[in-house]
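The values are calculated or read from the model by the stated rules, or taken from the named source; none is laboratory data. Computed from a prediction, not measured in an experiment: that's the story for all the values here. Cβ atoms come from the backbone with ideal geometry, glycine included; neighbour counts cover every protein chain shown. Each accessible area value is taken on the protein alone, full model and side chains, heavy atoms only, with ligands, DNA and RNA left out. Shrake-Rupley method; radii C 1.70, N 1.55, O 1.52, S 1.80 Å.
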Amino acid sequence: MADQYAVIGNPVAHSKSPLIHAAFARQTGQDLVYTRLLAPKDAFVATANAFRERGGRGLNVTLPFKGEAFRYATVLSAGARAAQAVNTLKFDGNTVFGDNTDGAGLVNDLLHNLGFALAGQRVLLLGSGGAARGVIEPLLQQKPAQFVLANRTPDKARQLAEDFRGAIEARSYDALADGQFDLVINATSASLAGELPPLPPGVFAHGALAYDMMYGRNETPFLAFARDQGAGQLADGLGMLVEQAAVSFFIWRGIRPDSAPVLQLLRQPQDA
Ligand code: ATR
């Protein structure tokens, strides 16, 4: 029987992960089945246990279970510890290995798909929830010249910044008015609600890249604002989604798939 994998979440019906992993499996000749697993909000552990009992080899974890998956893992990668969240579980007997590939996915998308070298750049990250925390360490590893974190509730940004030993600076949105950034990443959940983080005008440096970790059929309010503000390049989170999947696939199968054709497939209008 083919090895079993799934994405676990609630909701999960919208997830593109089965399509992505099926494409990776075809491309690399791996014999696996990848499905969607809807877990009741109070039954992540029971649902994951039942999947393992059926022979499941690994899970991708999406909202709202990344924190529970972090606690479920018996062995954690350094990235998962920094993120305090797990999006990839690998099962091996009684061992549950937990990793977080979101940050690597974002960095790979920036470097390889968008041609944006982070070294020496001024980076502004918006948000201080799980999505923001998960990408900070991998971004810092690329050695940006400046790393500013802004959040609507400034205390949360300050607390999160403290976990990164002075490598990042927390600011309120108001205090961004006198800065300019080469890369502005929206890691807030504002786009989900069709809202725009309260960015002052003028934060995008000439030619800056605006990156929204969300993706969808329509341009997000953040990307529309960035366009109006003269950002040089706009990107949604679809590339990050495919790249984080590629890193998960590598963790499970030891083979690195070619993400470019899969991203191209997802960008086709019928799959948007
Ligand atoms: P996630 O795990 O997706 O990061 P979260 O932990 O609920 O979700 O965090 C959501 C983030 O989006 C927070 O940083 C939140 O700001 P607050 O800490 O002030 O709540 C941010 N956010 C949500 N809606 C926003 C909006 N309309 N404008 C600015 N920030 C917003």
Limited to region 191-225, what total is found for residues that are surrounded by fewer than 23 Cβ atoms within 10 Å (Cβ to Cβ), within 15 Å of the ligand (Cβ to nearest atom) and over 15 Å from the mean Cα position of the chain (by Cα)?
12
Matching residues, region 49-69, being within 16 Å of the ligand (Cβ to nearest atom) and either on the phi > 0 side of the Ramachandran plot or surrounded by fewer than 21 Cβ atoms within 10 Å (Cβ to Cβ) (or both)
Thr62, Leu63, Pro64, Gly67, Glu68
Could you tell me whether Phe249 is assigned to a helix (DSSP H, G or I), over 12 Å from the mean Cα position of the chain (by Cα), closer than 19 Å to Val33 by Cα and not β-branched (Val, Ile, Thr)?
yes
Conditions: (1) under 15 Å from the mean Cα position of the chain (by Cα); (2) under 13 Å from Tyr211 (Cβ atoms); (3) more than 16 Å from the ligand (Cβ to nearest atom). Asp99 meets all but one. Number of the miss?
(2)
Thr95, sole failed condition from (1) surrounded by 18 or more Cβ atoms within 10 Å (Cβ to Cβ); (2) closer than 23 Å to Val61 by Cα:
(1)
Check Asn108 against each of (1) more than 16 Å from the ligand (Cβ to nearest atom); (2) part of a helix (DSSP H, G or I); (3) farther than 22 Å from Met214 by Cα; (4) not charged (D, E, K, R) and name the one condition it does not meet.
(3)
Over region 141-162, the set of residues open to solvent by less than 50 Å² (accessible area, probe 1.4 Å) and closer than 24 Å to Ala104 by Cβ is Pro144, Phe147, Val148, Leu149, Ala150, Asn151, Ala157, Leu160, Ala161
Note: among Asn87, Asn94, Asn151, just one is outside the structural domain of Asp212 (by TED's automatic domain parsing), in contact with a Ser or Thr (Cβ under 8 Å, 6 or more places away or on another chain), within 16 Å of the ligand (Cβ to nearest atom) and touching a residue at least 12 places away in the same chain (Cβ under 8 Å), namely Asn87
Say whether the condition of being out of contact with any helix residue (DSSP H, G or I) (no Cβ under 6 Å at 6 or more places or on another chain) and more than 18 Å from Leu106 (Cβ to Cβ) is met by at least one residue in region 208-216.
no
Of (1) farther than 18 Å from Gly239 by Cβ; (2) within 16 Å of the ligand (Cβ to nearest atom); (3) out of contact with any strand residue (DSSP E or B) (no Cβ under 8 Å at 6 or more places or on another chain); (4) open to solvent by 30 Å² or more (accessible area, probe 1.4 Å), Arg165 satisfies all except one. Which?
(2)
Among the residues of region 25-40, what is the count of those that are in contact with a Phe, Trp or Tyr (Cβ under 9 Å, 6 or more places away or on another chain) and either free of Cβ contacts under 8 Å to residues at least 60 places away in the same chain or small (Gly, Ala, Ser) (or both)?
6
Assigned by TED's automatic domain parsing to the domain that holds Ser189 and away from the ligand (no atom under 16 Å from the Cβ): does that describe Val45?
no
Considering only residues of region 172-190 that are more than 13 Å from the ligand (Cβ to nearest atom) and farther than 16 Å from Phe222 by Cβ, which is surrounded by the most Cβ atoms within 10 Å (Cβ to Cβ)?
Asp182
Would you mind telling me which numbered condition in (1) open to solvent by 40 Å² or more (accessible area, probe 1.4 Å); (2) near the ligand (Cβ under 10 Å from one of its atoms); (3) modelled with pLDDT under 95; (4) out of contact with any helix residue (DSSP H, G or I) (no Cβ under 7 Å at 6 or more places or on another chain) Gly129 fails?
(1)
